[in-house]
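J.: Quick one: the structure is below, questions incoming.
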Amino acid sequence: MSLKQSGSDIGALTSNGLSQADTAKLILKTAGVNMAKTVLFKQGIGTKAIQEDYGFIPQGAASSQLGNFVFSNLEFPGPIKYTDPITGRIIRVEATTIETVLFNVSQTKNIITTPIAGRNGTVKEYISDGDFNINIKGVLTAPNGVYPKNEVDNLINILRAPQSIKISSWFLSMFGIYDAVVSDFNIVQIEGSQSYQPFQINLMSDEPIELT
């Protein structure tokens, strides 16, 4: 199913009739991820289906999923609006949904270490939690034999936004992640993948600053 686009507006990204399980398996195939290490996080999906498809039942607590590969939905609530720095064209991206992607979330802590004369090791001073690092793997699909050009163009427009963007996912909400900055993304053509396009996105969580 192709997107309907008016000017630079974007609609929803769809899986073009693929089931969640089939989309997930296609992502795993293109990403080279071990299926046994994945878990499907989606409201309304029972643990029986998760266990059958992926061999892993979610634990429920957000902290237990740090570092695990997790399937969930990905939404860019929008609208995202910015001026293209090269062409000067105004880009406007409406609310966009990708039904199934593969997440990996990690976090570091901000700690100051101070060496002390006469003792081994360092003194650690906890400052704060660091940003969440979010890795997203997915595929954009189209009917057999058709390359998802509109979907790819639309996703690139989102990822090129020179600003923090709103991001929504049932899985990410467990970590309190609702805003993020794209650090880099990768869209590579794979031989034999004419009707689908794998992609990978790396983001850092962001906390909006309210100026008073």
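J.: Right, residue 72: among the small types (Gly, Ala, Ser), surrounded by 10 or more Cβ atoms within 10 Å (Cβ to Cβ), closer than 20 Å to residue 205 by Cα and free of Cβ contacts under 8 Å to residues at least 60 places away in the same chain or not?
T.: no
This table checks each residue for (1) modelled with pLDDT under 85; (2) in a strand (DSSP E or B); (3) polar (S, T, N, Q); (4) within 24 Å of residue 23 (Cβ to Cβ).
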| site | (1), (2), (3), (4) |
| --- | --- |
| 99 | yes, yes, no, yes |
| 130 | no, yes, no, no |
| 136 | no, yes, no, yes |
| 145 | yes, no, no, yes |
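J.: Would you mention how many residues in region 75-84 are in contact (Cβ under 8 Å) with a residue 24 or more places away in the chain and either closer than 24 Å to residue 141 by Cβ or touching an Asp or Glu at 6+ places or on another chain (Cβ under 8 Å) (or both)?
T.: Of the residues in that region, 5 qualify.
J.: Of the residues 124, 109, 137, 149, which single one is of a type in the set (D, E, K, R) and in contact with a helix residue (DSSP H, G or I) (Cβ under 7 Å, 6 or more places away or on another chain)?
T.: Of 124, 109, 137, 149, the one residue that is of a type in the set (D, E, K, R) and in contact with a helix residue (DSSP H, G or I) (Cβ under 7 Å, 6 or more places away or on another chain) is 137.
J.: While we're here: Filter region 158-174 for residues that are modelled with pLDDT under 90 and over 12 Å from the mean Cα position of the chain (by Cα); which is nearest to residue 95 (Cα to Cα)?
T.: If we take residues in region 158-174 being modelled with pLDDT under 90 and over 12 Å from the mean Cα position of the chain (by Cα), then 173 is nearest to residue 95 (Cα to Cα).
J.: If a residue must be more than 15 Å from the chain's Cα centre (by Cα) and either among the hydroxyl-bearing types (Ser, Thr, Tyr) or within 17 Å of residue 97 (Cβ to Cβ) (or both), how many such residues does region 108-151 contain?
T.: 12
J.: Could you run through region 147-165 and say how many residues are in a strand (DSSP E or B) and either surrounded by fewer than 17 Cβ atoms within 10 Å (Cβ to Cβ) or charged (D, E, K, R) (or both)?
T.: 0
J.: Moving to a separate point now. Which one is farthest from residue 137 (Cα to Cα) among residues in region 85-97 that are among the β-branched types (Val, Ile, Thr) and at pLDDT 90 or above?
T.: 90
J.: Take the residues in region 85-140 that are hydrophobic (A, V, I, L, M, F, W, C) and without any contact (Cβ under 8 Å) to a residue 40 or more places away in the chain, then tell me which one is surrounded by the most Cβ atoms within 10 Å (Cβ to Cβ). Before the answer, list the steps.
T.: So in region 85-140, the residues hydrophobic (A, V, I, L, M, F, W, C) come out as 86, 90-91, 93, 95, 98, 101-103, 105, 111-112, 116-117, 123, 127, 132, 134, 136, 139-140.
Now narrow it down to the ones that are without any contact (Cβ under 8 Å) to a residue 40 or more places away in the chain: 86, 111-112, 116-117, 123, 127.
Working: 86: 7, 111: 12, 112: 10, 116: 9, 117: 4, 123: 10, 127: 10.
Step by step, filter region 85-140, then rank; the result is 111.
The values are calculated or read from the model by the stated rules, or taken from the named source; none is laboratory data. As the structure is a prediction and not an experimental result, all values here were calculated from the model. Here Cβ is always computed from backbone atoms with ideal geometry, including for glycine, and neighbour counts include all displayed protein chains.
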